[in-house]
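First up is the structure itself, then whatever we jot down about it.
No value in this document is a laboratory result; all are computed from the given coordinates. Bear in mind that the values here come from a model prediction, so they are computed numbers and not experimental data. Methodologically, a virtual Cβ is constructed for each residue, glycine included, from the backbone with ideal geometry; neighbour enumeration extends over all protein chains shown.
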Amino acid sequence: MDFSETPRLQPIVPSYHLQILSDEQLAELRTATLEILEEVGIHCPSERARRIYAEHGAWVDFPTQIVRFPPEVVIEAMSHAPRYYTMGARSEAHDLQLDGSAMYVATDGSGLKTVDFETGQVRPSVKDDVAKMARVADHLSSISFYWPIVSATDYGRTAPLHELDASFNNTVKHVQTETAMGEKIGRYGVEMARVIARNEKTMRARPPLSLLVCTIAPLAQDADGMESALVFAEAGLPVGFMSMATTGLTAPATVAGTMVLGDAEIVAAMVLIQMAHPGAPTYHSLMPGIMHPSTGDFMGSAFEADLFYSGGVELAHMWGVPTLAGVGTEAAASGWESAQGIASSMLLCALCGAETASGLGLREVCTLLSPEALVLDSDLYHTVRIEAAGVDTSREALALDVIKAVGPRGHFLFQEHTRKAFRDLRFSELTGQPAQGGGYRDPIVVARERTDWILENHHPTPLADEQKSELSRILQAADRELS
């Protein structure tokens with residue numbers, strides 16, 4: 001095997017679909033979102049954003065920083081948002097075509113702690129962790145694009161740019177950042193993306209970098225986030241907005257109330273992007289949590305959580321934009337059992353038509369990286385991928401000729417068809433490893449061994465020397481200006 005080549009992607013391609021929200025319910029949610037935006041509005045602390053809103057027909061109260069929106073202004077702005085576009089990659093073979101035919105899944109992102117790869121002790125995450133997990137993600141066919149999975153806490157103010165540097169140097173896949181906040185950081189990030197794309201035309205046609213900005217619940221925006229979003233959108237890089245409203249705390253204590261509040265936050269932000277840069281690629285991401293009624297902790301693992309994520313997919317499509325769906329686990333435990341919600345949410349979101357999703361590889365409410373976690377979650381991913389693909393009922397798959405040849409009380413062991421078909425079956429690389437003396441090996445141990453193997457053997461195609469030099473120059477300039 002040539003370890004310099006990244007395996008081909010295996011996205012989830014559903015052969016059947018479902019709808020969680022009826023057309024009537026979607027219409028009710030749309031009406032409710034427009035009512036909130038018109039009568040309540042959102043808090044916008046960015047002066048630049050407020051000016052853009054005011055210039056394009058929104059009602060802006062500059063002293064209170066509250067912006068309200070006539071429904072027709074929202075509808076007009078959102079009519080310019082593209083439904084389909086490409087998220088490019090360093091390797092053209094790993095570009096993501098967001099055309100609705102497949103769901104591409106990413107790692108989770110921005111964790112703060114790592115179980116050390118050597119000592120097993122929990123410590124703050126560092127840039128080297130970002131680099132190592134980019135290599136693991138690069139090797140896994142389940143991971144279509146890479147969020148820097150943890151934070152480069154060893155680099156202070158310019159950590160987001162060092163996370164991009166570690167990512168671009170260690171994967172040929174698309175990179176998505178959630179931490180490049182603020183106009184200055186944003187402009188450095190765009191400059192790094194231009195180095196990867198090599199020219200302006202390619203960067204706009206096949207953007208190798210995208211941005212995700214979290215709103216502030218309830219009904220508020222982050223100033224640095226919106227400033228960065230405007231910079232990315234101006235450069236043609238995809239920009240998405242995520243609401244992580246918490247049911248019972250920063251959102252109403254109902255599923256529908258949380259969904260509509262989060263939708264209003266996201267739509268208000270997307271409207272800004274379309275006002276400033278009509279046609280700029282943007283996406284919608286609804287990933288609420290639920291407050292534990294006894295402890296007040298943030299929980300994403302209540303039974304209703306999957307409805308948030310799949311319902312968010314349908315809300316995005318109602319507004320005519322792609323989605324980034326939530327498919328991870330928010331459970332507090334670190335063992336493999338903490339990933340029990342991944343499979344169900346991933347399958348629901350895929351069947352609802354999500355274009356992209358994220359959430360693999362972190363534990364303890366998206367804060368802790370265990371080296372083997374991404375490989376464990378990848379195994380669940382392939383379970384969902386195969387389930388979503390459905391059943392082949394071609395004549396070859398029905399095996400009628402073989403059944404006729406074997407007949408009653410025969411067996412199929414020595415049939416050529418059996419040998420051929422078994423090669424196409426996909427078995428778990430983790431749960432099906434025989435142990436000496438019988439039985440099967442511990443999947444967590446097998447996953448850690450595979451992670452170690454990837455880090456030792458998989459070496460993604462490196463950046464060209466001039467690209468490495470340019471990234472280093474950009475980092476040095478940012479460190480001088482911002483540190």
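With a 10 Å radius around each residue's Cβ, average the other Cβ atoms per peptide and rank 114-120, 34-40, 359-365, 229-235, highest first.
Listed from highest to lowest mean packing, they are 359-365, 229-235, 34-40, 114-120.
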Item to complete: State to the nearest 20 debye the size of the charge dipole of region 95-173 about its Cα centre, where the only charges are +1 on K and R beta carbons and -1 on D and E beta carbons.
Response: 140 debye
Discussion item. Give me the dipole magnitude in Debye, nearest 20, for region 181-280 about the Cα centre, with unit charges on the beta carbon: positive for Lys and Arg, negative for Asp and Glu.
Written reply: 480 debye
Worksheet entry | Anchor K420: lysines whose Cα lies under 20 Å away (excluding residues fewer than 8 positions away in-chain) | K404
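Summing -39500 (n - 2.57) over the DSSP H runs of n ≥ 4 in the chain and dividing by its residue number, what mean residue ellipticity at 222 nm do you reach, to the nearest 500 deg cm²/dmol? Please report the intermediate quantities before stating the final value.
On the way: 17 runs with 208 residues, N = 483.
Here the helix-only value at 222 nm equals -13500 deg cm²/dmol.
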Item to complete: For the chain, state what percent of all Cα-Cα pairs lands in each successive 20 Å bin, counting from 0 Å until the bin that includes the largest distance.
Response: 24, 55, 19, 2, 0
Worksheet item: With respect to the cross-link table entries K173/K201; K132/K173; K132/K201, which display a Cα-Cα separation exceeding 22 Å?
Response: K132/K201
Worksheet item: Would you list K201, K173 from fewest to most Cβ contacts within 10 Å?
Response: K201, K173
Discussion item. Tell me which of Y146, S243, A197 sits at the most positive position along the dipole axis of region 146-274, charges placed on C-beta atoms (Lys, Arg +1; Asp, Glu -1).
Written reply: A197
Discussion item. I need M318, M270, M203 ordered by Cβ neighbour count within 10 Å, fewest first.
Written reply: M318, M203, M270
Response to the item:
Dipole check, the chain, charges on Cβ (K,R +1; D,E -1), about Cα centroid: among L37, L161, A256 the Cα furthest to the positive pole belongs to L161
Worksheet, complete the sentence: Given the candidates W59, H317, Q121, the one whose Cα lies deepest towards the positive end of the charge dipole of the chain, counting +1 at each Lys or Arg C-beta and -1 at each Asp or Glu C-beta, is Q121
Fill in: Mean Cβ neighbour count within 10 Å, used as a protection proxy, ranking 412-423, 273-284, 139-150, 158-169 highest first
139-150, 158-169, 273-284, 412-423
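Can you compute the charge dipole magnitude of the chain about its Cα centre, using +1 on each Lys and Arg Cβ and -1 on each Asp and Glu Cβ, nothing else charged? Give it in debye, rounded to the nearest 20.
With only Lys, Arg, Asp and Glu charged at Cβ, the dipole is about 1000 debye.
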Worksheet entry | Relative contact order (%) - region 268-309, alpha-carbon pairs under 8 angstrom, separation at least six | 30 percent
Practice prompt. Could you sort 405-411, 350-356 so that the peptide with the highest average Cβ count within 10 Å comes first and the rest follow in order?
Written response: 350-356, 405-411
Item to complete: Wrap a convex hull around the Cα atoms of region 436-483, take a quarter of its surface area, and give that in square nanometres.
Response: 6.0 nm²
Fill in: Exposure proxy order (Cβ contacts within 10 Å, fewest to most) of T215, T153
T153, T215
Worksheet item: Using alpha-carbon pairs under 8 Å, 6+ residues apart, how would you state the relative contact order of region 127-224 in percent?
Response: 25 percent
Practice prompt. Enter the angle in degrees (range 0 to 90, nearest 10) between the Cα long axis of helix 465-482 and the first principal axis of the Cα atoms of the chain, meaning the one along which they spread out most.
Written response: 40 degrees
Fill in: C-alpha long axis of helix 183-197 to longest principal axis of the chain, angle in °
40 degrees
Discussion item. Rounding to the nearest 10 and keeping the result within 0 to 90°, find how far the Cα-based axis of helix 223-234 lies from the longest principal axis of the chain.
Written reply: 70 degrees
